[in-house]
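S.K.: Here you go, one structure.
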Amino acid sequence: MSSTADVEPGVENAGIIPVYNPSTEQRIGEVADSDQQAVDAAVARARETFESGVWRKLPAAHRADVLFRAAEIIKARTDELAELEAQDNGMNATAARHIIKVSQEMLVYYAGWVGKIHGESANLVSDGLLGTFENYHTFTQLEPVGVVGLIIPWNGPFFIAMLKVAPALAAGCSAVLKPAEETPLSALKLEEIFRAAGLPDGVLTVITGYGETTGAALTAHPDVDKIAFTGSTEVGKLIVKAAAGNLKRLTLELGGKSPLIMFDDADLSRAIMGAGMGLLAGSGQNCSCTSRMYVQRGIYEQVVEGLAGFARMLPMGGSEDPNSVLGPLISQKQRERVDGIVREGVSKGAEIITGGKPLDRPGYFYEATIVTGTTPDMRLIREEIFGPVGSVIPFDDEDEVIAAANDTHYGLAGSIWTENLGRAHRVLNELRAGQVWVNSALASDPSMPICGHKQSGWGGERGKKGLESYFNTKSVYIGH
Ligand code: NAI
Ligand code: MG
């Protein structure tokens, strides 16, 4: 078996990264492994465009027009982009078309913000402390933060690229985007699409490469003002260190280990389906997936059985299969990691209700897996798995389940299932998570920010908050 994980950065294949379809293990292309010189050149181009103002100083209507035009191009090219995304990531065409659609909607959302975000002003009457002037005119203005480095992972790559590119360009920044080494293809199209829409050359450059080399060079670069990163908490911490050199601004969207809490008054059929999708969407390769499922004792047996049935029923297949719901994992390395976490749990007494092993076919498929009998120390409960593996854990009362749900370093998301509104409010207030769903899982909208609590991240993406992170604020005092 071959995978991108088998290729040592810079050893054999110097200068080239092979790209595989994870659902077939077929090599589908290759991209450049960009070195320090290539990173320097991309950053220099971005800096030049930022300083010249060729983008940030354009009239807002003109900039909005470019973004809307790019959104139109993406809509018109949906089939082609979806096909590429499916080949690159292994997901099926239906899922890939959805990714392109929500990416296009994200761009439209941020295009609509251009020219509509302003500073504030105050009527400030001084008592003399401010100096010799008695009255000041004061205001704040928002200024694009500068050259931004955008680093993204392999799950839904086109969408996660857009989550960063759209607000960065809407704010007037110049950007260098580095996609994951596993899935570089659709991001490369973005540069071409924005150029066709009228974005001046050099304002957005996509550079491919490995994280440890190309990514690290971008994060440490003294002429990059901000890094927006989505990926593992481990790499998030490396980026914090690398950013210290010039104190870059950081937006970090990191891992999660999100709880789902199902009370005995929930609408069970909806709750089981919601929990199943919350766990298994993207084959669990989703930072907000709810892989710790706490179920109240009275309905526990029924829910375990229901979830196992749901997991068994989901059709599995690769990019070529229009009916599949569960696709492959991204690489052999990721599949081994997922299986290792399951094996560790089993060796400590966890019980596999369904699934629990790789599929015997080409592609990095892993069965949808439901586990019981876990203990809080197991990796199944502590670590982000990034695979189709969930644990079901019984509980008795609200206080107990809140404590268990919050017993994690992560704080990305949570899901609560109950028909009791008071209970929903009590529990959502106590969950230490940046995003909570009640009687839902994985709902999202461009206007709603996602801001990881605890070690799930710094700052936020989406919504007005996400856009604001691409600005610096300047306070101005005008005396007279
Ligand atoms: P990763 O965090 O290593 O990779 C994400 C991105 O960061 C890629 O573009 C990679 O090239 C880049 N990168 C890696 N090392 C870097 C460095 N030192 N400096 C700058 N950029 C660097 O994630 P990986 O290894 O692909 O997956 C490992 C685990 O991370 C997964 O099993 C999952 O638990 C978690 N993960 C979480 C994601 C999320 O959305 N929260 C997304 C992807 C992975
Ligand atoms: Mg890594």
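S.K.: Any chance you could count how many residues in the stretch 177-221 are more than 16 Å from ligand 2 (Cβ to nearest atom), part of a helix (DSSP H, G or I), open to solvent by less than 10 Å² (accessible area, probe 1.4 Å) and under 30 Å from residue 25 (Cα atoms)?
M.R.: Going through the stretch 177-221 one residue at a time, the tally reaches 4.
S.K.: What is the number of the single condition among (1) within 27 Å of residue 86 (Cβ to Cβ); (2) in a helix (DSSP H, G or I) that residue 290 does not meet?
M.R.: (2)
S.K.: Give 456, 444 a once-over and let me know the one that is open to solvent by 20 Å² or more (accessible area, probe 1.4 Å) and either in contact with a Ser or Thr (Cβ under 7 Å, 6 or more places away or on another chain) or under 28 Å from residue 296 (Cα atoms) (or both).
M.R.: After applying the criteria, what remains is 444.
S.K.: Based on this model, can you work out whether residue 194 counts as within 24 Å of residue 90 (Cα to Cα) and of a type in the set (Phe, Trp, Tyr)?
M.R.: Judged against the criteria, residue 194 is not a match.
S.K.: Run residue 240 past the list (1) assigned to a helix (DSSP H, G or I); (2) closer than 24 Å to residue 15 by Cβ; (3) open to solvent by 20 Å² or more (accessible area, probe 1.4 Å); (4) in contact with a strand residue (DSSP E or B) (Cβ under 9 Å, 6 or more places away or on another chain) and report the number of the one that doesn't hold.
M.R.: (2)
S.K.: Can you pull out the residues in the stretch 370-396 that are crowded, with 19+ Cβ neighbours inside 10 Å and either within 23 Å of the chain's Cα centre (by Cα) or small (Gly, Ala, Ser) (or both)?
M.R.: Scanning the stretch 370-396 gives 380, 381, 384, 385, 386, 387, 388, 389, 390, 391.
S.K.: Let me ask something additional. Go over the candidates 70, 86 one by one and state the one that is under 20 Å from the mean Cα position of the chain (by Cα) and surrounded by 17 or more Cβ atoms within 10 Å (Cβ to Cβ).
M.R.: 86
S.K.: Say whether the condition of being in the same structural domain as residue 66 (by TED's automatic domain parsing), within 17 Å of residue 113 (Cα to Cα) and touching a Phe, Trp or Tyr at 6+ places or on another chain (Cβ under 9 Å) is met by at least one residue in the stretch 145-152.
M.R.: Within the stretch 145-152, the first condition is being in the same structural domain as residue 66 (by TED's automatic domain parsing), and the residues that meet it are 145-152.
Now drop any that are not within 17 Å of residue 113 (Cα to Cα), which leaves 145.
Retained after the next criterion (residues that are touching a Phe, Trp or Tyr at 6+ places or on another chain (Cβ under 9 Å)): 145.
Yes: the stretch 145-152 contains one or more residues that are in the same structural domain as residue 66 (by TED's automatic domain parsing), within 17 Å of residue 113 (Cα to Cα) and touching a Phe, Trp or Tyr at 6+ places or on another chain (Cβ under 9 Å).
S.K.: Applying the selection to the stretch 222-237, what residues are away from ligand 2 (no atom under 14 Å from the Cβ), open to solvent by 20 Å² or more (accessible area, probe 1.4 Å) and touching a residue at least 60 places away in the same chain (Cβ under 8 Å)?
M.R.: 223, 225 - these are the residues of the stretch 222-237 that are away from ligand 2 (no atom under 14 Å from the Cβ), open to solvent by 20 Å² or more (accessible area, probe 1.4 Å) and touching a residue at least 60 places away in the same chain (Cβ under 8 Å).
S.K.: I need the full set of residues from the stretch 397-437 which are touching a strand residue (DSSP E or B) at 6+ places or on another chain (Cβ under 7 Å) and either charged (D, E, K, R) or open to solvent by 40 Å² or more (accessible area, probe 1.4 Å) (or both), in order please.
M.R.: 428, 436 - these are the residues of the stretch 397-437 that are touching a strand residue (DSSP E or B) at 6+ places or on another chain (Cβ under 7 Å) and either charged (D, E, K, R) or open to solvent by 40 Å² or more (accessible area, probe 1.4 Å) (or both).
S.K.: If you check 262, 277, 273, 293, which single one turns out to be out of contact with any helix residue (DSSP H, G or I) (no Cβ under 8 Å at 6 or more places or on another chain), aliphatic (A, V, I, L, M) and away from ligand 1 (no atom under 15 Å from the Cβ)?
M.R.: Working: 262 fails: out of contact with any helix residue (DSSP H, G or I) (no Cβ under 8 Å at 6 or more places or on another chain); 273 fails: out of contact with any helix residue (DSSP H, G or I) (no Cβ under 8 Å at 6 or more places or on another chain); 293 fails: out of contact with any helix residue (DSSP H, G or I) (no Cβ under 8 Å at 6 or more places or on another chain).
Only one candidate qualifies: 277.
S.K.: Let me ask you something else. Have a look at 254, 250, 238 and point out the one that is closer than 26 Å to residue 49 by Cβ, within 21 Å of the chain's Cα centre (by Cα) and within 13 Å of ligand 1 (Cβ to nearest atom).
M.R.: The unique qualifying residue is 250.
S.K.: Do the conditions hold for residue 226, that is, is it under 23 Å from the mean Cα position of the chain (by Cα) and away from ligand 1 (no atom under 12 Å from the Cβ)?
M.R.: yes
The values are calculated or read from the model by the stated rules, or taken from the named source; none is laboratory data. The shown structure was predicted, so the numbers you read here are calculated from the model rather than taken from an experiment. We place every Cβ from the backbone using ideal geometry, glycine too, and count neighbours over all the protein chains shown. Just so you know, the surface numbers come from the protein's heavy atoms only, side chains and all, with ligands and any DNA or RNA stripped out. Shrake-Rupley method; radii C 1.70, N 1.55, O 1.52, S 1.80 Å.
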